[in-house]
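**Student:** Below is the structure I would like to discuss, written out as structure tokens.
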Amino acid sequence: MRRFMNQLRNGKFVISYCTACKKKIWPPYEHCPSCYQRTSTVTAGKLGRIVEFCRSWLEEGEVIVALIDMDGILLFGSVLGGQGIAVGAVVELVATGASPNGKIHFCFRTVDRFDSYTMNN
């Protein structure tokens, strides 16, 4: 977890990967929960799809928050702008970070729009 948080503080999204099992580990762990081997850290992809989203007015102005499927890893983050936001829309991770108190944030922007979302895509 320490490796993950250090990378986030530097604006880089990484995931744990077990070289023995060949599995992505999420949330990140130092050891694989399946085979208990030490995991390595790999850079995650930048593209995902919106699984669900909502608009929030809790902060100053409108904020769009979404659950994003990043190749099987689910992240919760904000989406910039309002163009093309729909379930199934392709988004790109544009910013990430972690505050000193451990609060993690992910920020996305839309890339493309799809009419429907299926877990098989």
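The values are calculated or read from the model by the stated rules, or taken from the named source; none is laboratory data. Computed from a predicted model, the values in this text were never measured in an experiment. Every residue, glycine as well, gets a Cβ built from its backbone with ideal geometry; the counts of neighbours run over all protein chains shown. In case anyone asks, the SASA skips ligands and DNA or RNA and just uses the protein heavy atoms, side chains included. Shrake-Rupley method; radii C 1.70, N 1.55, O 1.52, S 1.80 Å.
**Student:** If we sort 69-79, 33-43 on the protection proxy, mean other Cβ atoms within 10 Å, highest first, what's the order? Let's see the in-between values first.
**Tutor:** Values: 69-79: 16.8, 33-43: 12.6.
With the highest mean Cβ count within 10 Å placed first, the list reads 69-79, 33-43.
**Student:** Now, a different point. Grab the other residues whose beta carbon is less than 14 angstrom from that of residue 15, score K and R as +1, D and E as -1, and report the net. It would help to have the intermediate numbers written out before the result.
**Tutor:** Details: positive: 3, 12, 22, 23, 24, 46; negative: 30, 69, 71.
Residues near residue 15 contribute +3 overall.
**Student:** Classify region 1-89 as rounded, prolate or oblate, taking a ≥ b ≥ c as the square roots of the eigenvalues of its Cα gyration tensor: rounded when a/c is under 1.5, otherwise prolate if a/b is larger than b/c and oblate if not. Write out the running numbers ahead of the final one.
**Tutor:** Working: a/c = 2.93, a/b = 2.08, b/c = 1.41.
It comes out prolate by the Cα gyration axes.
**Student:** Averaged per residue, what accessible area in Å² does the chain show with a 1.4 Å probe, protein chains only?
**Tutor:** Numbers: 7540 Å² over 121 residues.
In whole numbers, the chain has 62 Å² accessible per residue.
**Student:** Let me ask something else. What residues have an amide H closer than 5 Å to that of residue 31, excluding those fewer than 5 places away on the same chain, when H is modeled at 1.01 Å from N in the peptide plane?
**Tutor:** 39
**Student:** When the solvent-accessible surface of protein heavy atoms is calculated with a 1.4 angstrom probe, in what order do 92, 60 fall, highest first? The partial results should precede the final answer.
**Tutor:** Values: 92 50, 60 190 Å².
Listed by decreasing accessible area, they come as 60, 92.
**Student:** Let me ask something else. Would you calculate a helix-derived [θ] at 222 nm for the chain, using -39,500 (n - 2.57) for each DSSP H run of n ≥ 4 and dividing by the full residue count, to the nearest 500?
**Tutor:** Mean residue ellipticity at 222 nm (helix-derived): -2000 deg cm²/dmol.
**Student:** Could you pull out every residue, at least 5 positions away or on a different chain, whose amide H is within less than 5 Å of the one on residue 91? Hs are placed 1.01 Å off N in the peptide plane, and Pro or chain starts have none.
**Tutor:** 48, 49, 50, 111
**Student:** Let me ask something else about it. Tell me the net charge near residue 32. Cut-off is 11 Å between Cβ atoms, residue 32 excluded, with +1 for each Lys or Arg and -1 for each Asp or Glu. If you can, show how the numbers build up before the last one.
**Tutor:** On the way: positive: 22, 23, 24, 38; negative: 30.
Value of the local net charge: +3.
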